[in-house]
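Only one structure is covered here, and it is reproduced in the block below.
Taken together, the values in this text are just the output of simple stated rules run on the coordinates, not laboratory data. Because the structure is predicted, anything quoted here is derived from the model rather than measured. Cβ coordinates were reconstructed from backbone atoms using ideal geometry, including for glycine residues, and neighbour counts include every protein chain displayed.
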Amino acid sequence: AGMGTAMVVGKAKFGILSLPGGLDEYKYVPFSPWTGKKITDEALRILGNHKIRFLFVHYPFPDHAGHAHGWLSDKYFRETAETDKELSRLVAFLEKDQKSRTLLIITSDHGGHGKTHGTSSREDRTIPWIAWGPSVRPGFPIQGKMNIFDTVPVILEALGLPGKSETDGHSLPDIWREGTGSSCGQRRGVPIGQTLHS
């Protein structure tokens, strides 16, 4: 669509999405105690220096802690809190410099139980899905079932791009404030839901 795109990730496996000519910038930050800060630093650099319309940011710590120490363990909650601190740095930047034209979606690719995931259990398949932006309905709890696949149609709508018939997900029109159109520059608020990872 001719829009600037970038990805900053904490796992090398995301490199498969960095096809030649597919992203304007791809940055993998190897795992270390400073990975979270470095990921945020890179994301802020990209947001500040490029005309990026879509940025994917991945923090690996909760997943690492879940596999090593167990989902919902003390270590898992500590790593989730550290990730939250890094997210707050991103939000602070967006609030200051790009608030009027940003849609932020915070989600996860899976839940977990014990030290694993991948089953059909509710613990493994239920994940958070939070959207924030100028015309997002504030504090709106998403009603009914949704799926992580619904994220793609929401992003396409926010960017003003047509949906694809082969996309598995569906748009979530109820999350937008009335009369706000479909561009990122018009969305703000925080609809919160729980979605199923398939």
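Just a few scattered comments:
- Placing +1 on the Cβ of every Lys and Arg and -1 on the Cβ of every Asp and Glu, with nothing else charged, gives region 133-182 a dipole about its Cα centre of roughly 140 debye.
- Computed [θ] at 222 nm, helices only, for the chain once each DSSP H run of length n ≥ 4 contributes -39500 (n - 2.57): -8500 deg cm²/dmol
- Cα centre as origin, Lys/Arg/Asp/Glu Cβ charges: the chain dipole, Debye: 340
- Label point of Lys75 set 7 angstrom out along Cα-Cβ; within region 101-120, amide nitrogens under 17 Å from it belong to 112-117.
- Fluctuation leader among Lys37, Lys11, Lys96 - the chain, Gaussian network, Cα springs under 10 angstrom: Lys96
- Of Lys13/Lys115; Lys11/Lys37; Lys11/Lys85; Lys75/Lys96; Lys51/Lys145, those spanning more than 24 Å from alpha-carbon to alpha-carbon: Lys75/Lys96; Lys51/Lys145
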